[in-house]
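Written out below as structure tokens is the structure these notes cover.
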Amino acid sequence: MNKVLALGGSIRAKFSNRELILGMASEATDSNRYQELVRKQLLSTSLCNSEILAGAALAGARMCGAEIDYIPLCHLFPRKDRRLSDLQGDDNVISHLDTLDIDEEALGELLDSLGKSQGVVLATPVYFGDRSSVANKFLQLAAVRERVRDKTFGVVSVGAKRNGGQETCNIFSMYEMLHQGTFGVGNGMPTSQYGGTAVGGDLGMVTDDDWGLATTFGTGERVAQVSHIVAAGLEVAVKPKANIVFLLAMDTRDGKLKAHIDSLIAEARETTDGIEFTAINLVEHDIYRCLGCKACPKDGDTRCEHPQCIIRDPDDYLETARTLLAGADGIIVCGINPSDIADLVTRYQVFTERMRSIRRNNYELSNTLFAGLCYHDFGATINPIHSLKVMVSYIRHNTVAHKPIELFEYKGALMDSGAAGVAEFCRAARIVAAGKAQVALPEPVYNAYGEGGGYAGGVDDNQ
Ligand SMILES: Cc1cc2nc3c(=O)[nH]c(=O)nc-3n(C[C@H](O)[C@H](O)[C@H](O)COP(=O)(O)O)c2cc1C
């Protein structure tokens, strides 16, 4: 069985609303129906916005066949009534760290539900463009107790205003949770952004935000789909072979990144069974700028008949790279952060924008695992957030994000080769490949804003 747990991060959430939220999530068949149920409920009960979102995400998860549970976090982490100096020993490591305590009984319940869940949705208010303190406390707790490895994780958030930091909030938590071994997902098709992004200030106001509820419902669906794949993949004793592609998007003039990736691949071939490795070095090829063409791709074919279409140009490398990526079970997008900007040769940005045609071709990379890898000169500031940028751009292909691999060179010595990170990625890619062979999902269809599917339609298609 596949189970998805939603965690409510509001300081205004009430534990007594738990059954109510679960009841509405169990009854709703789509985002619109959920909205109707909440509206009716608000006539007699006050609900905070993120607990409404938690229910919307769970309704989506349930529609994908998942069992559901909801736990508000605020009662789990009450304000501490003891002073730090009164605490003895380290029996409760988390409570030493800040001004929140842990309710042991509620903690037991959370750990029990978390242990039985394959997917987790964090539903949090946006506070200063980030998650709440109680939501943060959950991330700390999960890290200390190592409770989320191999779980699928998505975020939904609500702020009082449009562009109030919902995307930054979601991206921060997604990225940090990758480092705890989760499989990261966004809100899935049609928009494939960074989870649920909702607007609402006063209690209950998020109910009027169709877009926020639809992206949240989609996040629940996406978490349930991928947690099903991962759970099925973990069960398969003999995993299928997997193809891993290292996509070198940039390098130094003397090819430092290429040389290191070559050595990593050579080492991985010696130590990893059942994996085929390919390196695509974009630095060696020409990639033209995206034309932002409205018709791209034409009738499901990325090679358009349009006389200006650059994809037909034999000097443009996109189509070759696309074919290699389409056969990948895992893609590691490699970058470098050198000390001297004059040393950097990059194809990263132009390739990323050209991947629009791949996305528009019915999400060709759907459910493919990916991660960033960055080779940093210690302290360099040319490209310090490569892997974060990779997560943000590649999740838009309806993919699955994995923990990035960060390498640091200090005074000429590389502190970690990245071999362990590559091995971890290979393991995850084989789990996803095995799971995909077991779980039938609907064929992905590109539909800019999902007209007719609960999203606001009639908007410009040129994205
Ligand atoms: C401390 C604090 C910080 C906030 N920061 C933001 C913010 O950065 N952006 C925003 O849009 N709303 C911000 N808000 C508004 C809340 O995100 C918004 O009211 C939300 O609906 C609260 O969720 P809840 O009803 O689940 O408690 C903030 C609210 C508080 C209390």
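The values are calculated or read from the model by the stated rules, or taken from the named source; none is laboratory data. Please read all numbers here as calculations on a predicted model, not as lab measurements. Using ideal geometry, Cβ is built from the backbone for each residue, glycine included, and neighbour counts are taken over all protein chains shown.
One residue stands out in region 354-378 among those that are out of contact with any helix residue (DSSP H, G or I) (no Cβ under 9 Å at 6 or more places or on another chain) and modelled with pLDDT of 95 or more: the one that is surrounded by the fewest Cβ atoms within 10 Å (Cβ to Cβ), namely Phe378. Do we have any residue at all in region 169-180 that's surrounded by fewer than 21 Cβ atoms within 10 Å (Cβ to Cβ), more than 19 Å from the chain's Cα centre (by Cα) and free of Cβ contacts under 8 Å to residues at least 40 places away in the same chain? Looking for residues that are surrounded by fewer than 21 Cβ atoms within 10 Å (Cβ to Cβ), more than 19 Å from the chain's Cα centre (by Cα) and free of Cβ contacts under 8 Å to residues at least 40 places away in the same chain, one finds none in region 169-180, hence no. Residues that are touching a His at 6+ places or on another chain (Cβ under 6 Å) and part of a helix (DSSP H, G or I) within region 333-365 comprise just one, Arg359. Within region 46-68, if we keep just the residues that are assigned to a loop (DSSP other than H, G, I, E, B), out of contact with any Lys or Arg (no Cβ under 8 Å at 6 or more places or on another chain) and more than 9 Å from the ligand (Cβ to nearest atom), the residue that is nearest to Gly188 (Cα to Cα) turns out to be Cys64. The condition of being out of contact with any Cys (no Cβ under 6 Å at 6 or more places or on another chain), away from the ligand (no atom under 16 Å from the Cβ) and either assigned by TED's automatic domain parsing to the domain that holds Pro72 or of a type outside the set (A, V, I, L, M) (or both) holds for only one of Val144, Val121, Val158, that being Val144.
Return the residue satisfying two criteria in turn: it lies in region 225-270 and is of a type in the set (Val, Ile, Thr) and part of a helix (DSSP H, G or I), and of such residues it is surrounded by the most Cβ atoms within 10 Å (Cβ to Cβ). The selected residue is Val226. Note on region 200-224: among residues that are of a type in the set (D, E, K, R) and surrounded by fewer than 23 Cβ atoms within 10 Å (Cβ to Cβ), the one that is nearest to the ligand (Cβ to nearest atom) is Asp202.
Table: residues versus (1) modelled with pLDDT under 95; (2) more than 28 Å from Gly435 (Cβ to Cβ); (3) of a type in the set (A, V, I, L, M, F, W, C).
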{"residue": "Met1", "(1), (2), (3)": "yes, no, yes"}
{"residue": "Gly23", "(1), (2), (3)": "no, yes, no"}
{"residue": "Ala28", "(1), (2), (3)": "no, no, yes"}
{"residue": "Gln35", "(1), (2), (3)": "no, yes, no"}
{"residue": "Val38", "(1), (2), (3)": "no, yes, yes"}
{"residue": "Ile71", "(1), (2), (3)": "no, no, yes"}
{"residue": "Arg79", "(1), (2), (3)": "yes, yes, no"}
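With respect to Lys241, is the statement that it is more than 30 Å from Leu407 (Cα to Cα) and basic (Lys, Arg) true? No, not satisfied.
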